[in-house]
Every structure is written in structure tokens, then in C-alpha cells.
Amino acid sequence: MYVLIMAGGSGTRLWPHSRSNRPKQFLPLNGGVTMLQETVERVAPLVPIERIFIATGEIFVDLVREQLPDLPFENILAEPCGRGTAPCIALAALHLLQRDPDAVMAVLSADHQISNGERFREQLALGAQIAEYGSLVTLGITPTHAATGYGYIERGAAMYDAGEHCVYRVQRFVEKPDAATAAGYLASGNFVWNAGMFVWRADRIMQELELYRPRLAFDMLAIGKTLGTPFAKTAMTTIWPDVEDVAIDVAVMEKTERAVVIPADIGWSDVGDWSTLADVLPRDQQGNVLQGTTINIDTQNTLIYGNGRLVATIGIEDLVIVDTHDVVLICPRDRAQDVKALVAEIRRRHTDLA
């Protein structure tokens, strides 16, 4: 098995710590290794570094090399611009097929938190076994609450029972629901969160793209023909910017009849904003998540992310406070999702701060 780690996101909801020139996947959000390094370490017991590929923007190549010095340089797939997960996955699949016509690839994101790494690796290994037979495998997160911020997958008939790990046919993918619909999904027990983690044969995903997204497949195959030749960079520069910008869910997974799902109870979080980050970091007795130097009186359920200087609070609750060298962010925890909109406004006014 090979692993593709997608590391090209902008991480705007974790602004101002996450910036356009160093987004969250390249940051040590828990005070240790970066999220990218943590993702590689998580799969390292299963897949050697020579079989791990990183897809990222051209501007982040040096960051990847700095943080993963043992990764072969040719395993960094540099994109001139972001074009969605479907082209990204196709590019990796074409690279793998040049190396190994029978390659099975897992597709992961560089900015996810997973607390149960051993169980996660067991399910990836099971997914690789199932994928050998032509299935498109997705790991669906067992929901812990009626979330409205994630897409869902409805599982169909049981396909394979491996004791602790079961495999089901996918009944359907559904978009992010409203609160009432999400509550119904949770109560039914038949739905899992769509975390965007997949396992499949590289040749199979290309065949599915040719079936459901022929124009995209045509463009990607044109790029693929140049790989390993002096024309590869020119092809990426000229063809890639015009490739369809589409997610793999929309391009293939919502249409295919080969999709199967493994429910995954692995302590997963997408660390999508400051509030979700607070949910996965250690808290004090008052429910506060404190990073850096702080003094707090009558402060509850607040995240404080400092940057070397003292952050002092009195009588506050349910806030996010992030202090960097040039910006201070303060917002209610229940408005943490709106940081993305704030960043869009900041880009219009102060591009150097985004």
C-alpha cells in the first residue's frame, strides 16, 4: 500500500496562527510536532516513508522538505494552484501507476487529529485488502453528536464482518444537514461522518474518473504521459490550471456503485476551527484550554493560545483568544466558524496579515 497525504489547504479558520504562507498542517498546534509530521508518524508503522507521497502547493514544497527530511524529493507532488481533491488524487494515482501498476493507495488529509492510531491503521489495512477487489473504500467516522458541519454517508447492507471491523456497501452520500436532519441521522445509527479518507487501487480510481468525469480524466492522462520526461513541468504549468476544480466526492463517490464504508471509531477530529481544536486539547478544571503564559481569574470554557507574552483574563467564559506576534483574535467559541469570513475581509484590507 501507498499513502497520499493531501497538504495543500489554507487553514483559514485557524487564523491568525494559521496563515496563507504557513497554514495549519505545517504548525505544531498541540505544542509538539506539526500536523503533517503527526500524520506521517501515524501511518509509518504501516507504510515506509518511500511509499508516502505528499501533495501540496508549489509554495509549500520547501516547508515539506524541511519538516520531512527523510521523504524522497520525488514523492512531493507540487501543484501550481489548487484544483480540488479529484485532480490531486488523479495526479498521485498516475505517479503511482508509473511506479507500480498494481498500486493500492490510501488518501488522507494532513490536518486531521486521530487519537487511536492503532485502530486507524488496522482499518486502513482492512481497506487495502477490500480495495484489491476493485472497491472504493472510505473510512466513515462514527458520529458522537448530531453535527451539521460534516457530510454524512448512509451505510447499506453488510458486506464483510471482520470481528471488530465491519464493511458495508454505501447507500448514499449526503450533504451537510440541518440540525433536525442531523439528529435523525444520529438516532438511526445508519450514518457516519464523511471524513474524506479513502483506499482504492490507483488504476480503479482512474477508471472511475474516465467513466464519470471523462474530461477531467482526459486532461489528467495528458499530464500523466509527460511524467518522468523533460515535458512534465511544462504540462503542469499549461494543463493543470485549466483542469476541472472538483472534489472526489462529487466527481466519483456520489455516483459510483463500487463504494463501501468502514465505520471508524478512532478519536477523529478535522480541527476545523478554534472551537474544535479546544475539544481535542487538554483542559483545566474550569474547562479552559491554555497554551502559553496565562493568568486567569473566574475564567471558564475559554481557549487561550498565547505567543510568549502574558495573557490575563478576568470573568470571561466561552471565548477564543489567540495572540500572535502581530494580531490578536477574540471571539465567542460559538462564532469560531466565522473566522473564515473574517479572513476574507482581512485579505481585502490587509493582505500581509492573512
P(r) histogram, all alpha-carbon pairs of the chain included - 20 Å bins from 0, percent: 28, 58, 14, 0
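How large is the helix-only mean residue ellipticity at 222 nm for the chain, computed as the sum of -39500 (n - 2.57) over DSSP H runs with n ≥ 4, divided by its residue count, in deg cm²/dmol to the nearest 500?
Numbers: 10 runs with 103 residues, N = 354.
About -8500 deg cm²/dmol.
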Amide proton proximity set for residue 319, modelled H, under 5 Å, gap of 5+: 302, 303, 333
3J(HN,Hα) from dihedral phi, segment 128-144, Karplus parametrisation 6.51/-1.76/1.60, rounded to Hz, x for glycine, proline: 5, 5, 5, 5, 4, 8, x, 6, 9, 9, 10, 8, x, 6, 4, x, 9
Two-decimal log10 I(q)/I(0) for segment 167-322, as the Debye equation yields it once each C-alpha is a single scatterer, q = 0.11, 0.15, 0.19 Å⁻¹: -0.74, -0.93, -1.12
Segment 57-213 - convex hull of the alpha-carbon atoms, volume per residue in Å³: 150 Å³
Rounded to 10°, Cα long-axis angle of helix 214-224 versus longest principal axis of the chain: 90 degrees
With Cα atoms, 0 to 90° folded angle of helix 179-188 axis to the chain main axis: 60 degrees
Label-point gap, in nm, between residue 172 and residue 237 - each point 7 angstrom along Cα→Cβ: 4.7 nm
0 to 90° range, to nearest 10: angle between helix 202-212 axis and the chain longest Cα axis: 90 degrees
Å³ per residue enclosed by the Cα convex hull of segment 274-353: 89 Å³
Net charge dipole size for segment 2-269 [Lys, Arg +1 and Asp, Glu -1 on Cβ; Debye, nearest 20]: 280 debye
Inter-probe distance in nm under a simple model that places probes 7 Å from Cα toward Cβ, at residue 293 and residue 115: 3.1 nm
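Just give me a number: lysine pairs in the chain, eight or more positions apart or cross-chain, with C-alpha atoms less than 30 Å apart.
Values: 24/176; 24/233; 24/340; 176/255; 176/340; 225/233; 225/255.
Value for the chain: 7.
Antiparallel DSSP bridges in the chain: what percent, to the nearest 5?
Here the antiparallel bridges make up roughly 50 percent for the chain.
Where a number appears in this text, it was derived from the coordinates with a stated rule and is not lab data. Please read these numbers as outputs of a predicted model, since none were measured by experiment. Because the Cβ atoms are built from the backbone with ideal geometry, glycine has one as well, and the counts that use them run over all protein chains shown.
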